[in-house]
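This report refers to the structure that appears directly beneath it.
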Amino acid sequence: MCALILLTWSCHALAEQPNQWWKVWQYFSSPSDVENLIPRIDEAHQVKDLPYGELLFDYYQQHYMTSITKILVERERGGFKHHKPHADLLLGSLYLSYGLVNQAEIIFKILIEKSVDQETQNNAWLKLAEIYIEQGKLDNAKEILRLKIKEPVESILNQKNESLGNISLQQEFYAHAIDYFDAIKNDPIKQRYASYNSAIAHLRLNQPHLALLRFQTLISQPVNTKEEDAIRDKAAIALGHYHLHHEEPYLASIAFKKVRLHGPFADQALLGLGWANLTRTHTKQALAPWVTLSKLDPGSSTTQQALLMVPRTFENLQAWSNAYESYQFARDSYQNEIIHIENTLSYIQHNNWIAQLQPNTEVVQQHHTPLDYQSTEIPLHGPEASLLFRLFASQEFDQGFQQYWFLESLNLHLAEWQKQMPVFRDMLTNHQLRHNQMMPKVQRQLDQVALENKQHQLARYEQRFHQIIINNNLTSLANNQERELLQRIGSAENTLAQLPDSEKFLASKAKLRLAKGALLWDINEQASDREWKLLKQLKQTTVALYQLEQKQRHLLKAEHFAADRFSGYEQRINEIEIRNLEIEQKTRLVQERQQRYLQTIAESLLEQRLTHVGNLLANAQLAIARLQDKASVEGNSAQ
């Protein structure tokens, strides 16, 4: 079942069946029962069910697939007597971590609203909304954020407004996005991001004065962390590009100069600063940032542009020799980059390079969850690694590779499960052997249980007890010694009764009556206590008989179902094994298609890059030829 669940995600989300909600609702009982019986899941609680304790152990050991299996098995067995809601909520969380959003949402909607406090509920819905955003289901995420999250604490409220603002930006509801971003309070980092996004929204609404004010505010704010530095640099870049676009080069140069030279946006700032200075006809000032940029990473597009702009600037300064040397340097750099790209294309076409990027078994076993994508684990080695790594800057390639990564992780999980099939068969064989050993003992116990005799014996006891109570027969309550004395007194009375009535026997008869009266008096004194003990023994005998009947019933039931107890398990194991193999084959086919898809994207991106660098090379070569012609004409004129 777990394998089927995982394949469902890898081949896109499972379509929700029309009657799925009703079936699940029936499974979790009626709404009133749920509301009355579900305890508070988020509160500390004592573990009362052994299966639940074992489940928690596996969960905290990060054995998530084992946890899912145990929940599903114990739900069928009814093993969660006290912790079914806790186990169901945990199952929903695990489904969510594997990307099964529809299945998780069903459980959340039934359980969470009735079994946790509002803050825990808000966190759960917020997580579900984040998954929907990642899947591109923006309307579903918006509905959860707006309707499900109620009375949130400030941190949850900020996260909610941030997500709603980003959704509004993507859906081009810019005014709503600004309102959501402005609602974020007391979180400096989130407020800086929100301010930047609000500035972009103002630009989309043709409100440049408000956008520029937000950019300038971000630039002027003090910074204490690298993240704040990056936001500040990004705002300066955006402000500089705006001024360049609106022919305000002086303001653009001021903005570009505020960007750090060792930050991630330094190349963009150097390129923009050169353009700003050139637009102001400060040609020499334009040369400095472009020369600096041309000495950076030759694979960067900004560096490649600067390599061509430096010699053109020298031309404007009529420094023909420097221009010619710079064009040659640019030409050599472009040629080297073209060779690098061509080598990379050949490498990815003939070396099965995608297989080298797949996750290894150790990585999967460390993270356990196929959706736990770890980009840092991608092995990019070799002379072409730097250029291949740039492919991941493309969103299309990066998302495609993540899907490939998930498929390969799934294959490793399926392989691990397939190894468990012999273990299941061994377990079944051991259970059958144990069962066969126990059946003779069961039969012997059945033979020893003389239930009919015990029932007759109990009936006699009950009849005797009722006779004693109804007839008030004290002699029936006598013990063995008293019963023996009564018997001897009775025998003596019979003997005296046969003797003639004479004074010689009157004294003996009087003594005998006195002894009998004393004995009956003692019996009567202890009658109530003895009657209570007899009643107690009768009740204990009744309970023992009932237990004996139950034991006989269980033994007969076990004997009746003995032949069918293991008949279907071997077939189920075979079916699971076949299904796993089918899933593995289907996953491999999907993975092969994904490999070809990634191959096509990579080749397309590299060919686009090759065309771009080729155009730059052609411009450099044309410029070199033009300068050579110019030098030749001027030389002939001088002669």
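No value in this document is a laboratory result; all are computed from the given coordinates. Computed from a predicted structure; not experimentally measured. For neighbour counting, all protein chains shown are included, and Cβ atoms are generated from backbone atoms with ideal geometry for every residue, glycine included.
Report the local net charge at Ser67: Lys and Arg +1, Asp and Glu -1, summed over other residues whose C-beta lies under 14 Å from its C-beta.
Numbers: positive: Lys70, Arg75; negative: Glu54, Asp58, Glu74, Asp88.
Its environment carries a net charge of -2.
So what are the ³J(HN,Hα) numbers for the stretch 161-170, from phi and the Karplus equation (6.51, -1.76, 1.60; θ = phi - 60°), rounded to whole Hz, Gly and Pro as x?
After applying 6.51 cos²θ - 1.76 cosθ + 1.60, I find 5, 5, 5, 5, x, 5, 5, 5, 4, 5 Hz.
Per residue of the stretch 579-595, what does 6.51 cos²θ - 1.76 cosθ + 1.60 with θ = phi - 60° give for ³J(HN,Hα)? Whole Hz please, x for Gly and Pro, Karplus curve as stated.
Coupling constants for the stretch 579-595: 5, 4, 5, 5, 5, 4, 5, 5, 5, 4, 5, 5, 5, 5, 5, 5, 4 Hz.
At 0.36 nm per residue, and after removing the present C-alpha to C-alpha distance, how many nm does the segment from His63 to Arg588 gain when stretched out fully? Walk me through the intermediate numbers first.
Values: separation 525, 0.36 × 525 = 189.00 nm, distance 2.44 nm.
Gain on stretching His63 to Arg588: 186.6 nm.
Per residue of the stretch 416-431, in order, report the coupling 6.51 cos²θ - 1.76 cosθ + 1.60 (Karplus, θ = phi - 60°) as ³J(HN,Hα) in whole Hz, putting x for Gly and Pro.
My calculation for the stretch 416-431 gives 5, 5, 5, 5, 7, 4, x, 5, 4, 5, 4, 4, 5, 4, 5, 5 Hz in order.
Which shape class, rounded, prolate or oblate, goes with the stretch 134-210 when its Cα gyration tensor gives a ≥ b ≥ c as root eigenvalues, a/c under 1.5 marks rounded, and past that a/b bigger than b/c marks prolate?
Values: a/c = 2.25, a/b = 1.28, b/c = 1.76.
Oblate, since a/c reaches 1.5 and b/c is not below a/b.
What trypsin sites (Lys or Arg not before Pro) does the stretch 144-207 have in DSSP loop regions with at most 12 other beta carbons within 10 Å? Each step should come with its number before you reach the end.
Details: sites: Arg146, Lys148, Lys150, Lys160, Lys185, Lys190, Arg192, Arg204; in loops: Lys150, Lys185.
The qualifying sites are Lys150, Lys185.
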